[in-house]
Ligand code: ATP
Ligand code: MG
């Protein structure tokens, strides 16, 4: 039993193999059937000749339907006409699960494909996206492990807003209310006092009301927090970790990347350090390009596209004005209008994939900012405790895993970077 990718290869020519998979397409004429089979690794043409297989197997090969599952046994042979140049000449074709007429045919609307997402995720493109995501995440996981970070498991049900209280999902929690986590940051900040350097991969939930191609209501958030880390060191962690992710996917997934016209060799050219551009400089650059904006305006998708469209390597925008960012960031002593923070923007016009900062350690400043925002202080008592018992300088960041997948695969919409997207209009299937 071998994977389809391994079966149809030079080294298997003349050998007998057994593969398991699903019918991708099928064509028969007279005494011969050409069944293209797929598994998670690729596709292969299986030639089934009447007389070369038991009679019932020949019936199965000619009368099955797309997405039927089958076990095939046969000999691998070179054949220029087959996709990939090799085929399997069957000695057995055993139908396991005969499929009803498959509801997805060649040209389908986006809406229908979303309604049939549980079936559409079998498509070659969706399969490749999932393998690319898997590989990117392994690159990050390996990097964290090699650099002595501890993977931790923060809660998903929380009592406070980490980011923006207007995008909180509220849930009934026994006889009170609670929220779905928007970020694990506060919990990771607590955990650095036991583990020094921590990271977590968790779902984050944000009730994003505006429909953009880069926001989901539920996304997988890769977050890191480390004691003693300055904001500059925080950026070094980001550029090293992102590089490790990109190099890992370049090594592991050249075929999948090729489906999205992404050159693995170009990914290998991305190495630290990434450029660092202060917010003020980004503003001047944009003004020079004719953007009508001034200090204090946020950088949205359009501005980030302008900043990154001619770049091939990610860049940091650093030191944003305080009014644009959450209360927990550390004031920048060199320009107190700003924080010691950074957004990491992916190149080619893509934009933000990471937000990070050094964290404020002065409880007086935190209290002042919370009061300004009218936040109920009692919710934050435990967070303030972290600064009362052996406070240390510390920094961290959050990477949107679907953002980096969307960029690498050049997808039009972030919903294709997750198998079951959750958006304003969709929670089914
Ligand atoms: P944006 O300005 O794009 O909404 P943000 O400033 O709200 O992002 P952070 O709170 O810093 O983002 O979250 C960290 C990272 O999580 C972002 O850099 C992004 O990659 C990702 N992210 C944030 N919101 C979403 C979302 N709704 N869907 C998918 N990924 C997201
Ligand atoms: Mg946001």
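At a glance:
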quantity: From the options 48, 35, residue that is under 25 Å from residue 121 (Cα atoms), touching a helix residue (DSSP H, G or I) at 6+ places or on another chain (Cβ under 7 Å), buried (at least 19 other Cβ atoms within 10 Å of the Cβ) and at pLDDT 95 or above; calculated: 35
quantity: Sole exception among (1) closer than 21 Å to residue 205 by Cα; (2) more than 16 Å from ligand 1 (Cβ to nearest atom); (3) assigned to a loop (DSSP other than H, G, I, E, B); (4) modelled with pLDDT under 95 for residue 155, by number; calculated: (4)
quantity: Some residue of segment 218-241 being in contact with a strand residue (DSSP E or B) (Cβ under 8 Å, 6 or more places away or on another chain), more than 21 Å from residue 140 (Cα to Cα) and within 16 Å of ligand 2 (Cβ to nearest atom); calculated: no
quantity: Residue 256 vs. criteria farther than 21 Å from residue 342 by Cβ, touching a residue at least 40 places away in the same chain (Cβ under 8 Å) and more than 16 Å from ligand 1 (Cβ to nearest atom); calculated: yes
quantity: Residues that are at pLDDT 95 or above, surrounded by fewer than 20 Cβ atoms within 10 Å (Cβ to Cβ) and either within 16 Å of ligand 2 (Cβ to nearest atom) or assigned to a loop (DSSP other than H, G, I, E, B) (or both), drawn from segment 371-417; calculated: 386, 387, 388, 389, 390, 391, 392, 393, 410, 411, 412, 413
quantity: Enumeration of residues in segment 194-217 that are out of contact with any strand residue (DSSP E or B) (no Cβ under 7 Å at 6 or more places or on another chain), within 7 Å of ligand 1 (Cβ to nearest atom) and at pLDDT 95 or above; calculated: 206, 214, 215
quantity: Any chance residue 365 is touching a strand residue (DSSP E or B) at 6+ places or on another chain (Cβ under 9 Å), under 24 Å from residue 165 (Cβ atoms) and outside any strand (DSSP E or B); calculated: yes
quantity: Residue 144 vs. criteria away from ligand 1 (no atom under 16 Å from the Cβ), under 30 Å from residue 411 (Cα atoms) and in contact with a strand residue (DSSP E or B) (Cβ under 8 Å, 6 or more places away or on another chain); calculated: yes
quantity: Residues of segment 219-251 classified as within 16 Å of ligand 1 (Cβ to nearest atom), buried (at least 20 other Cβ atoms within 10 Å of the Cβ) and closer than 25 Å to residue 419 by Cβ, total; calculated: 9
quantity: Output for segment 276-296, where each listed residue is in a loop (DSSP other than H, G, I, E, B) and touching a strand residue (DSSP E or B) at 6+ places or on another chain (Cβ under 8 Å); calculated: 295, 296
quantity: Residues being assigned to a loop (DSSP other than H, G, I, E, B) and either at pLDDT 95 or above or more than 35 Å from the chain's Cα centre (by Cα) (or both) - total across segment 74-103; calculated: 9
quantity: Cβ-Cβ under 7 Å pairs, at least 6 apart or on other chains, segment 329-352 side closer than 15 Å to residue 396 by Cα and within 15 Å of ligand 1 (Cβ to nearest atom), far side at pLDDT below 95 and in a loop (DSSP other than H, G, I, E, B); calculated: none
quantity: Hits in segment 259-305 - residues which are over 21 Å from the mean Cα position of the chain (by Cα), closer than 19 Å to residue 350 by Cβ and free of Cβ contacts under 8 Å to residues at least 12 places away in the same chain; calculated: 302
quantity: Scan of segment 148-170 for residues that are under 23 Å from the mean Cα position of the chain (by Cα) and within 16 Å of ligand 2 (Cβ to nearest atom), ordered by number; calculated: 162, 163, 164, 167, 168, 169
quantity: Residue 71 touching a helix residue (DSSP H, G or I) at 6+ places or on another chain (Cβ under 8 Å) and in a strand (DSSP E or B); calculated: no
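Residues checked against (1) surrounded by 19 or more Cβ atoms within 10 Å (Cβ to Cβ); (2) farther than 13 Å from residue 22 by Cα; (3) without any contact (Cβ under 8 Å) to a residue 12 or more places away in the chain:
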site	(1), (2), (3)
83	no, yes, no
90	yes, yes, no
102	no, no, no
111	no, yes, yes
115	no, yes, no
121	no, yes, no
125	no, yes, no
133	yes, yes, no
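The values are calculated or read from the model by the stated rules, or taken from the named source; none is laboratory data. It should be emphasised that the depicted structure is a prediction, and the values quoted were computed from it without experimental measurement. Using ideal geometry, Cβ is built from the backbone for each residue, glycine included, and neighbour counts are taken over all protein chains shown.
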